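A.B. asks: So that we are looking at the same thing, I have put the structure below in structure tokens.
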Amino acid sequence: MSIRFAPVIMRDPMQYLNVTEAGELSEAYWKVNLVQRLNTSVASSPYFNMFLVAQVKAHDKGFLSMEIDIESMLENRGDIHHLFPKNYLIKNGIVQAQYNQIANYAFIQQEINIKIKDSLPAHYMTEVIGQCNTKKPVYGGIIEQDRLAENLKKNCIPDGFESMEIGDYQDFLQRRRELMAEKIHQYYDSL
């Protein structure tokens, strides 16, 4: 004897969507599952791509950029910058799967990326903050504290990044994943 189950038929697509969202996209998904899925070194990850889509939708500027947005960088092959530079991490014993984490990536203008080179965040961010005081740009064109704070927020850079060193790297990755997941969640909610 075989048992047959009758499929549940939902005639209202919105009802189906609401039931599916409630089951699949709970707060646990946004705060835990998505954060875990952002723990990858695969640059083609659909989760990283969703983060970039969220940035494009929000018209976010590139990291430390005053004028050029993420969409333009994607269209014109902007640079992907390691927020904690790759060579700095290698010199400190961090393996490839860790230094190439997508939470360590940000789109950046090529000329800013070249100037940063292998500097650690505590060094180059001190100079970026300094340019807001002197009004003489060194890295990009941001010379106002409020614009810098907005740029860091839009790029999901955690508070305290400007003083981080190697011992802060794992905490930085976790905190940035959480901010990236929140940005994706906000994007999803805006649809």
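The values are calculated or read from the model by the stated rules, or taken from the named source; none is laboratory data. What you see is a predicted model; the values in this text were computed from it and never measured. Note: ideal-geometry Cβ built from the backbone for every residue, glycine included; neighbour counts use all protein chains shown. Quick note on the areas: whole protein, heavy atoms, side chains included, nothing else; ligands and nucleic acids left out. Shrake-Rupley method; radii C 1.70, N 1.55, O 1.52, S 1.80 Å.
A.B. asks: Looking only at the range 157-191, how many residues end up being assigned to a loop (DSSP other than H, G, I, E, B) and either open to solvent by 40 Å² or more (accessible area, probe 1.4 Å) or touching a residue at least 60 places away in the same chain (Cβ under 8 Å) (or both)?
C.D. replies: 5
A.B. asks: Restricted to the range 115-173, and to residues that are within 25 Å of residue 187 (Cα to Cα) and aliphatic (A, V, I, L, M), which residue is nearest to the chain's Cα centre (by Cα)?
C.D. replies: Applying the filter and picking the extreme gives 157.
A.B. asks: Quick test for you: out of 17, 34, pick the one residue that is part of a helix (DSSP H, G or I), farther than 21 Å from residue 182 by Cβ and either open to solvent by 50 Å² or more (accessible area, probe 1.4 Å) or in contact (Cβ under 8 Å) with a residue 60 or more places away in the chain (or both).
C.D. replies: Matching residue, one of 17, 34: 17.
A.B. asks: Kindly indicate whether residue 51 is under 24 Å from residue 148 (Cβ atoms), in contact with a Cys (Cβ under 9 Å, 6 or more places away or on another chain) and modelled with pLDDT of 95 or more.
C.D. replies: The answer is yes for residue 51.
A.B. asks: Shifting gears a bit: Scan (1) crowded, with 18+ Cβ neighbours inside 10 Å; (2) in contact (Cβ under 8 Å) with a residue 24 or more places away in the chain; (3) closer than 19 Å to residue 60 by Cα for the single condition residue 121 breaks and write down its number.
C.D. replies: Going through (1) crowded, with 18+ Cβ neighbours inside 10 Å; (2) in contact (Cβ under 8 Å) with a residue 24 or more places away in the chain; (3) closer than 19 Å to residue 60 by Cα one by one, residue 121 breaks only (3).
A.B. asks: What's the total number of residues in the range 121-138 that are farther than 18 Å from residue 107 by Cα and either among the small types (Gly, Ala, Ser) or part of a helix (DSSP H, G or I) (or both)?
C.D. replies: 10
A.B. asks: Collect the residues in the range 53-106 that are free of Cβ contacts under 8 Å to residues at least 24 places away in the same chain, crowded, with 16+ Cβ neighbours inside 10 Å and over 15 Å from the mean Cα position of the chain (by Cα), keeping them in residue-number order.
C.D. replies: 72
One line per residue, one yes/no per condition, for (1) at negative phi; (2) assigned to a loop (DSSP other than H, G, I, E, B):
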{"position": "73", "(1), (2)": "yes, no"}
{"position": "77", "(1), (2)": "no, yes"}
{"position": "103", "(1), (2)": "yes, no"}
{"position": "107", "(1), (2)": "yes, no"}
{"position": "118", "(1), (2)": "yes, yes"}
{"position": "140", "(1), (2)": "no, yes"}
{"position": "149", "(1), (2)": "yes, no"}
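A.B. asks: Something else about it: Going through the range 135-147 one residue at a time, which ones are open to solvent by less than 80 Å² (accessible area, probe 1.4 Å) and either among the β-branched types (Val, Ile, Thr) or touching a residue at least 24 places away in the same chain (Cβ under 8 Å) (or both)?
C.D. replies: The answer is 138, 139, 140, 141, 142, 143.
A.B. asks: When you look at residue 79, is it modelled with pLDDT of 95 or more and of a type in the set (D, E, K, R), yes or no?
C.D. replies: Working: modelled with pLDDT of 95 or more: no; of a type in the set (D, E, K, R): yes.
Spelling it out, it is not the case that residue 79 is modelled with pLDDT of 95 or more and of a type in the set (D, E, K, R).
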